[in-house]
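Let me begin by presenting the structure, written as structure tokens, before commenting on it.
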Amino acid sequence: MSKHWVLNLFALYVRQPVRIDLPWRNSSGDDRYARSGSKAFPVPTPLGALLLLYLLVAIFSSIYTVGKSEQAVVQTFGRYTETKPSGGPYLKLPVPFQTVTKVDVQTALEIPIGFRVTGEGEQTVLSEAQMLTGDLNIVNVDSVVQFHPINAKQWLFSVDNPVKALNLFAQASLRRGVAATNVDDVLTTGRQEVQESSETKIRELVETVGLGVRVIAHQIQDAHPPQQVQGAYQDVTNANEDRQKMIEEGRGYQNKWIAAANGEAKKVIEEAEGYKAKRINDAKGAADRFNLLYAEYAKSPVITRQRMQLEALNTVLPGKTQIIDMSAGHAPLKFLDVGALTAAQRSAQPK
């Protein structure tokens, strides 16, 4: 190509010159024609106009920026070239040599499974919602997958339709979890377990395929039986609720009486402990008194023995007149009025 390619392109742009007379001022500044001259203005051809338009578009399309939450994928003649992070401005070759596709890698997206929201409201998609449980019952499950791309290259090129692929992964994972659970658990208490197993399986599939997304959650929105058997399932649900209510009432009654029995047992145990302590203390006191008495007995056995006999009689015959024969079988008889003696001793004591 000639080094004067710009001139050649301009020559292609120009069809033919058109000469237009222009006035020139003389040195005195009047408006008379000091001299006549002519200047040629180019008139563009259609092809030249298209080339000029393409040059303008190419200049503006060669500069681009990437948003804070985006990654930009650059393709050269359709083949992947590089990934640009957020920032810029960046330069690229004009179309059709290079193209840029921007992918938001931070904003969370949702894919509905089993339903679609339209202008007329929520519409059920039976092909996605109907699933078979472990006890061979059919149940309709609606769920939502929350995700966001993390690798723009994988998101664009790993599969033809990444959203459809993620939808199929979610369906397969959810069907796997439902198939391992009976219908009652899917409709009631086992829903959380099915949801957690589904999330784990989706992440495994995404990692295996290299889809370039992070699965935030797979939430089960609703689980209900098909419309044809809705009434029968409702009766079963009501029966289960009544059963659970009766179980709770029975447990309440049980807890009430167990608490009362525990309180009574605690009271009996405390009384027994008190009685035990009392008997131990009494035994220790009796042992101490016996030891003191034995010490006195060792000093004066006869007197101590007689005193013990008198105390025993007083204990056995309380409030009775007690007379003791002091003659030891010899005459004359000698009697000791224990009651009178005791009264005299009491009266002799200072008040």
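So here's what we get for this one:
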{"item": "Answer residue from the stretch 55-89, given it is among the hydroxyl-bearing types (Ser, Thr, Tyr) and surrounded by 15 or more Cβ atoms within 10 Å (Cβ to Cβ) and is nearest to Val163 (Cα to Cα) among those", "result": "Thr83"}
{"item": "Matching strands (runs of 3 or more DSSP E) fully within the stretch 40-108 where at least 1 residues are in contact with a helix residue (DSSP H, G or I) (Cβ under 8 Å, 6 or more places away or on another chain)", "result": "70-76, 79-84, 98-104"}
{"item": "Close pairs from the stretch 142-163: first on the phi < 0 side of the Ramachandran plot, partner among the aromatic types (Phe, Trp, Tyr) and not in a strand (DSSP E or B), Cβ under 6 Å, at least 6 apart", "result": "Pro149/Trp155; Pro162/Trp155"}
{"item": "Hits in the stretch 163-196 - residues which are outside any helix (DSSP H, G or I), among the small types (Gly, Ala, Ser) and over 22 Å from the mean Cα position of the chain (by Cα)", "result": "Ala180"}
{"item": "Restricting the stretch 22-51 to residues that are exposed (fewer than 13 other Cβ atoms within 10 Å of the Cβ) and aliphatic (A, V, I, L, M), the residue that is modelled with the lowest pLDDT", "result": "Leu22"}
{"item": "Extreme residue, surrounded by the most Cβ atoms within 10 Å (Cβ to Cβ), among residues of the stretch 194-236 that are of a type in the set (Asp, Glu) and closer than 30 Å to Phe157 by Cα", "result": "Glu199"}
{"item": "Criterion (in contact with a Gly (Cβ under 6 Å, 6 or more places away or on another chain) and within 25 Å of Gln192 (Cβ to Cβ)) met by exactly one of Asp135, Asp142", "result": "Asp142"}
{"item": "Selection from the stretch 254-301 of residues that are of a type in the set (Lys, Arg) and surrounded by 10 or more Cβ atoms within 10 Å (Cβ to Cβ)", "result": "Lys256, Lys266, Lys267, Lys276, Lys278, Arg279, Lys284, Arg289"}
{"item": "Residue check, Ile202 β-branched (Val, Ile, Thr), under 18 Å from Gly177 (Cα atoms), in contact with a helix residue (DSSP H, G or I) (Cβ under 9 Å, 6 or more places away or on another chain) and in a strand (DSSP E or B)", "result": "no"}
{"item": "Residue count for the stretch 211-239, restricted to those that are part of a helix (DSSP H, G or I) and within 27 Å of the chain's Cα centre (by Cα)", "result": "1"}
{"item": "Residues (within 20 Å of Gln234 (Cα to Cα) and surrounded by fewer than 16 Cβ atoms within 10 Å (Cβ to Cβ)) located in the stretch 165-193", "result": "Asn182, Thr188, Thr189"}
{"item": "Residues within the stretch 105-141 that are of a type in the set (A, V, I, L, M) and free of Cβ contacts under 8 Å to residues at least 60 places away in the same chain, tallied", "result": "10"}
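Okay, residues lined up against (1) without any contact (Cβ under 8 Å) to a residue 60 or more places away in the chain; (2) within 46 Å of the chain's Cα centre (by Cα):
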position	(1), (2)
Gly48	yes, no
Leu56	yes, no
Thr65	yes, yes
Tyr80	no, yes
Val95	yes, no
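The values are calculated or read from the model by the stated rules, or taken from the named source; none is laboratory data. Remember, predicted model here, so these are calculated numbers, not experimental data. Positions of Cβ are backbone-derived with ideal geometry, glycine not excepted, and every protein chain shown enters the neighbour counts.
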